[in-house]
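What follows is a set of notes on a single structure, which appears directly below.
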Amino acid sequence: MTSRMLRVSAIEALSPLVSRFRFEDPEGALLPLFSGGAHVVVEMPDAGVLRRNAYSLISDPMDGSGYEIAVRREDGGRGGSKFLHTQVAEGDLMRISAPVNLFSLDLRAKKHVMIAGGIGITPFLAQLKQLARLQMPFELHYAARSRAEAAGLALLPASPQVHVHISEEGNRMDLGAILGSQPLGTHVYTCGPEGLIEAVAETGARFGWPRTALHSEVFMAPPPGAPFEVTLATSGKVVTVGAHQSLLEALEAAQVEVQWMCRGGACGRCETGVKSCHGTIEHHDHWLSDDEHARQTKIMPCVSRFKGETLVLDL
Amino acid sequence: MTIQFHDETFRDDYTFHNSPEGIRRFPFPFDADSYMYSVNLEPHAGGKAGSPFEKRFDVDEHYVAEMRDRAITLTEDPLRCQSLPHMELAGWDFLELVMVSKSEDYPELFTLNRDGDRWHWINRPLGIEQRFTFLDATTLPCGPMEYITRQTQGDHALLDQRDGNLWMDAGMVTSQADWSLDFDIGMNFFEWHAPVPKAHEMGVFQRALKFLLNLQQGAPVRRLNWTMTVNPRLDTSPENYHKWGPEKRTVAADNVGAKQYLRVELQTLWRLPRSNAIAFPIRCYLCSLEDIVTVPKWGRRLHRVLRDLPNELAEYKGFAVNRPTIVDYLAAFDDGAPTSPGIFPD
Ligand code: HEM
Ligand code: FES
């Protein structure tokens, strides 16, 4: 995954639990633009553990001067958000991946209806900016328990198309009313707790919505990046694979020749035999079959990693 | 290096020709003495100096003539260029990619000045100068994809990504190896690849699609594809089969070296920023057999590849009828000596 070091240029509390982080290129270079719904993976070296969390970009997709994310502090959950809230200060450098979009707008839609629960508002903040620029009809529904928790309020434009539902104030979101009254050709996007995504799917099914008109946010699991070691059978040499390296890159750095082509787990060129394996190969390729993955006798060094005691490669 | 643009044709009198340097830089597609489909994708991150892999969008001695040929085809058949309404943003993304790349890679040929959304484009080989507002299609003579692909060699498809698939929702296709944009428009990756033999069973398309869905901005990839064409004709479309199909029957032992061309497509794949679409330029290179065999390694290897190619592939690529004539001709240039690995001349 391509990535770059960016400087944290601003941190701002949006609510007691949610803060906005802005990242800019240290030299002031423009960053690649993106499409609404894209996320970046933020790397956090947290006391010896390398955490990688995906966060939706909330800034204007057409503005390359910086990337912004909104992060909710989850003390019990994944450590990354806590790290961002407690360990990161303005001026710090952090490694941020190139934007990837797995939740893009279907630009064929006649109208876009966005349904957000809680922190699930984030991908829509960028999509709203994109839709405004494309001048496409839309409607956004944002549900939160209380006004204090509704961090998105500060970032939403005041517009008749933006509807805020605060359950504490008795103003609950009525999915039947929302989905029951849309013109043909509307697409619906949901991001929030699993329960909300399921409820939208059920309501949609009840009203006979085509499944392909209902979208929901799924983050790609960021590739794990713990360092590990492999042993080469012919030379007995031990190669250490760093957190930011692929096994292929580590082998290349150690001047071991491995064929490659796509460097993305698809072409099969880098397929390498495994002599012995005490542990688990973390297969991330699309090349080997499920059976081959289970047998642990082959590995695709361009994308796959290892966790365990020893991995001896046929090299 | 200044490029001498040829005044040549790709139809009627077929005056197309490669210069000696043009032959040396031809992207010969075989890195071994046999060929079968594979997921042959590699990063498009430059290549040997002077080769067609070096620049993001290769511009060569045929540029001006190819653009003239495209204009003729479009006048006769406007449906060669189509863009479904939701693809306009992808068109702008692609226009930006090409203008930025070409002006950086060939500053003597192309210039792009940008002041916010106010852009100024100069294309010297084609004598074009255009001021326009980025993302405002009313300021260009035609849509953004059509505008830039009338100035960029190769066919182009723009793929929308949704529902875990890629959809051919826009394209400029005037130099294709017997497929039709008008037929394929709106199809997904598996649908438009349906006619290809063997590759589905081999899992080529399923793997390639998974890879492409994860394609990242700034990390383009490329692959080579090839076929055989009689006469240096760019427009070998199903729409015009009646014009070029019968020409296959004109190939004989005494003219095959001059008339039979190896047709190579350098295909690149680019993730586009604002639209999340993928751009798929298909750049076509033509080289006659008699020019190919001036590189001894290529003569030997092409003989072996074509001789041993599975019949289904020769049928699909449309040269099965002439295969014996071609192989006989090439046999004279194959002394049985071993060939070196890789595609480049020795
Ligand atoms: C996403 C962009 C792509 C587009 C728009 C595209 C389009 C096409 C089309 C229109 C054809 C002709 C099918 C026919 O006979 O009607 C074709 C053939 C083919 N494609 Fe693709 N393709 C793409 C990517 C790929 C990739 C990534 C691979 C493999 C790694 C691939 C492998 C092939 C093969 C093997 C053939 C047969 C070619 C021959 O034997 O001449 N394509 N493609
Ligand atoms: S290099 Fe293609 S699968 Fe590893």
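The values are calculated or read from the model by the stated rules, or taken from the named source; none is laboratory data. The model shown is predicted, which means the values in this text are computed figures rather than measured ones. As a convention, Cβ positions derive from the backbone with ideal geometry for all residues, glycine included, and neighbour counts pool all protein chains shown. These accessible areas exclude ligands, DNA and RNA; they are computed on the full protein's heavy atoms, side chains included. Shrake-Rupley method; radii C 1.70, N 1.55, O 1.52, S 1.80 Å.
Only protein atoms count toward the accessible area here, which uses a 1.4 Å probe; on the protein assembly as shown, the carbon and sulfur part of that area reaches 52 percent. Applied to the stretch B:303-320, the Karplus parametrisation 6.51 cos²θ - 1.76 cosθ + 1.60 on θ = phi - 60° returns per-residue 3J(HN,Hα) values of 4, 5, 5, 6, 4, 9, 4, x, 4, 4, 6, 5, 5, 4, 7, x, 10, 4 Hz, with x for Gly and Pro. Applying the criteria of a DSSP loop state and at most 14 other Cβ atoms within 10 Å to the GluC sites (Glu not before Pro) of the stretch B:71-157 yields B:E108. Among A:K307/B:K210; B:K210/B:K248; A:K275/B:K297, which pairs are too far apart, with a Cα-Cα distance over 28 Å? Over 28 Å apart, Cα to Cα: B:K210/B:K248; A:K275/B:K297. Heavy-atom accessible area buried between chains B and A is around 2400 Å² (1.4 Å probe, both sides summed). For chain B, the extents of the C-alpha atoms along the principal axes are 61, 44, 39 Å, listed from largest to smallest. With each pseudo-label sitting 7 Å past Cα toward Cβ, what's the A:T2-B:N240 distance in nm, one decimal? Each label point lies 7 Å from its Cα, and together they span 3.6 nm. Taking a sphere under 12 Å around the Cβ of A:V239 and counting the other residues whose Cβ falls inside, with K and R at +1 and D and E at -1, yields a net charge of -2. DSSP finds beta bridges in the protein assembly as shown, and of those with both partners inside it, around 80 percent are antiparallel.
Just which residues of the stretch A:1-37 lose 50 Å² or more accessible area with every protein chain there, against their chain alone, with the probe set to 1.4 Å? With the partner chains in place, the stretch A:1-37 has these residues losing at least 50 Å²: A:L33. Each listed q (0.06, 0.11 Å⁻¹) maps to a log10 I(q)/I(0) for the protein assembly as shown, found by the Debye formula over equal Cα scatterers with no solvent: -0.39, -1.23. Per-residue SASA remark: A:H284, around 70 Å² accessible (1.4 Å probe; ligands, DNA and RNA not included). Counting 0.36 nm for each residue step from B:R24 to B:E290 and taking away their Cα separation leaves a gain of 94.5 nm.
Which residues of the stretch B:217-231 bury at least 20 Å² of accessible area once all protein chains are present, versus their chain alone (1.4 Å probe)? Buried-area filter returns B:Q217. Positive-end ranking of B:H242, B:V256, B:A208 along the dipole of chain B, with charges on Cβ about the Cα centre, is headed by B:A208. The trypsin sites (Lys or Arg not before Pro) of the stretch B:39-92 that meet both conditions, a loop assignment by DSSP and at most 13 other Cβ atoms within 10 Å of the site Cβ, are B:K48.
Backbone geometry of the stretch A:275-281 corresponds, through the Karplus equation with coefficients 6.51, -1.76 and 1.60 at θ = phi - 60°, to 3J(HN,Hα) couplings of 6, 8, 9, 10, x, 10, 7 Hz, x marking Gly and Pro.
Counted over chain A with a bin width of 10 Å, the fraction of Cα pairs per bin, in whole percents, is 6, 23, 27, 23, 16, 6, 1, 0. Per-residue surface analysis assigns B:Y37 an accessible area of about 20 Å², computed on protein heavy atoms at 1.4 Å probe radius. Ordering B:V64, A:V18 by accessible surface, largest first, gives B:V64, A:V18; the 1.4 Å probe counts only protein heavy atoms, with every chain in place. If both residues of a DSSP beta bridge must be in the stretch A:228-313, then about 90% of such bridges are antiparallel. Loop-located GluC sites (Glu not before Pro) in the stretch A:255-291 (DSSP state other than H, G, I, E, B) with a sparse environment of at most 16 neighbouring Cβ atoms within 10 Å: A:E257. Summarising the label geometry, the points placed 7 Å from Cα in the beta-carbon direction at B:R68 and A:A154 lie 6.3 nm from one another.
Sequence-distant contacts, meaning Cα pairs under 8 Å at least 6 residues apart, place the relative contact order of chain B at 21 percent. In the stretch A:247-281, the residues that give up 40 Å² or more of accessible area when the other protein chains are added, compared with the chain on its own (1.4 Å probe), are A:M261, A:C262, A:A266.
At a probe radius of 1.4 angstrom, the accessible area of the protein assembly as shown per residue rounds to 42 square angstrom.
Derived scalar couplings between HN and Hα for the stretch A:296-302 equal 6, 10, 9, 9, 9, x, 5 Hz in order, rounded to whole Hz, by the Karplus curve 6.51 cos²θ - 1.76 cosθ + 1.60 (θ = phi - 60°), x for Gly and Pro. Distance between the 7 Å Cα→Cβ label points at B:W179 and A:T231: 4.8 nm.
FRET efficiency for the A:T310 to A:D46 pair, using the beta carbon distance and R₀ = 30 Å, is estimated at 0.65.
Between B:N255 and B:A320, what length in nm is gained on full extension when 0.36 nm per residue of separation is reduced by their alpha carbon distance?
21.7 nm
Size descriptor for the stretch A:111-218, Kirkwood hydrodynamic radius: 14.0 Å (Cα pairs only, one decimal).
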